[in-house]
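Below is one structure, written out as structure tokens, with a few remarks after it.
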Amino acid sequence: NLEVVHVDAQGEMIHIPAILQNYDNSDVDVIMTVSTPCLSAACNKVKNKPVVFTCVSDPIAAGAGSSRTEHLPLVTGVGSFPQVEHHLDLMLKLVPGLRAVGTLYNPAEANSVREMSVAREVYKKRGIRLEEVALAGSSELLQAAQILAARDIQLLWVPADNTCIEGYEGAVKGARDAHLPLFTDICATLKRGGLACLGFSPRDSGIAAGKLAGRVLLGEKPKDLPLEEVMVEEKIISRSSAERLKIAIPAELAGNVRP
């Protein structure tokens, strides 16, 4: 029999280290983390139990090791780096003539720093201006969106940033007030508002991580299990948002439309 104990930090990253230390000193057989902040904290705080992670953009940047095979002996798991260029392709299909994109992120999150670094290169290569606003907390998203809207952008992009996910409604309101389409990396947030998402499938990444956890429970050591990269794309377009913004959806994307 398998018993699963679940704790949610409720978006408060300050609580994560204590939660992990509690697990590390308990009788659990393996600790599974979901998100980059949880993995980063586990790399620093967990000393006794094996750790299997998922829903992480860049495990190396999060502190899991120096490569997929050279990593912390207690840590293994599944990374899913955002497909920044594919997301930009989607933006260009829905907003023809796109010249400027606004984005916001928390520079305290290693995953976001890495994604922004990649995005700057991609956008520069494609000739698209990328406007950025850094924030420190989820309550700052509305103000950040308003600042970006004043910079003559044509859409707002919310990356795979946990702070932004927590305060997502602020970005939604800022985009709506400015009549801007909102794009997000995390498809689970699209039901809270926005035009479109392109991100990874947490189900597929979770299944892969679950298989690794099973191997650990059966006696294999995390140090002998290379870190994996699993990126199964999800792409969804909101019909109601497209209609409100008067955006035409190309026929090639018809299969990705949801109410």
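The values are calculated or read from the model by the stated rules, or taken from the named source; none is laboratory data. Bear in mind the structure is a predicted one, so any value in this text is a computation, not a measurement. Every residue, glycine as well, gets a Cβ built from its backbone with ideal geometry; the counts of neighbours run over all protein chains shown.
Points to keep in mind about this one:
- Neighbours by Cβ (under 8 Å, 6+ apart or cross-chain): first from the range 72-99, over 30 Å from Lys221 (Cα atoms); second surrounded by 15 or more Cβ atoms within 10 Å (Cβ to Cβ) and of a type in the set (Lys, Arg): Leu90/Lys235; Arg99/Arg129
- Check on Gly77, touching a helix residue (DSSP H, G or I) at 6+ places or on another chain (Cβ under 8 Å), crowded, with 21+ Cβ neighbours inside 10 Å, modelled with pLDDT of 95 or more and not assigned by TED's automatic domain parsing to the domain that holds Pro181: yes
- For the range 206-228, the criterion of being closer than 25 Å to Val78 by Cβ, of a type outside the set (A, V, I, L, M, F, W, C), modelled with pLDDT of 95 or more and within 13 Å of the chain's Cα centre (by Cα) is met by no residue.
- Within the range 27-38, residues that are over 18 Å from Lys221 (Cβ atoms) and at pLDDT below 95 sit with their Cβ atoms under 7 Å from residues that are of a type outside the set (A, V, I, L, M, F, W, C) and assigned to a helix (DSSP H, G or I), at 6+ positions apart or across chains, in these pairs: Ser35/Asn162; Thr36/Asn111; Thr36/Asn162; Pro37/Asn162.
- When Ala61 is tested against (1) among the hydrophobic types (A, V, I, L, M, F, W, C); (2) farther than 30 Å from Glu252 by Cα; (3) surrounded by fewer than 18 Cβ atoms within 10 Å (Cβ to Cβ), only condition (3) is not met.
- Residues of the range 51-63 that are more than 8 Å from Thr76 (Cα to Cα) and either at pLDDT 95 or above or out of contact with any Asp or Glu (no Cβ under 7 Å at 6 or more places or on another chain) (or both): Thr54, Cys55, Val56, Asp58, Pro59, Ile60, Ala61, Ala62, Gly63.
- Of all the criteria given as (1) more than 27 Å from Arg68 (Cα to Cα); (2) in contact with a Lys or Arg (Cβ under 8 Å, 6 or more places away or on another chain), the one not satisfied by Leu225 is (1).
- The residues on offer are Arg126, Arg68, and the sole one that is in contact (Cβ under 8 Å) with a residue 60 or more places away in the chain, surrounded by fewer than 19 Cβ atoms within 10 Å (Cβ to Cβ) and out of contact with any Lys or Arg (no Cβ under 9 Å at 6 or more places or on another chain) is Arg68.
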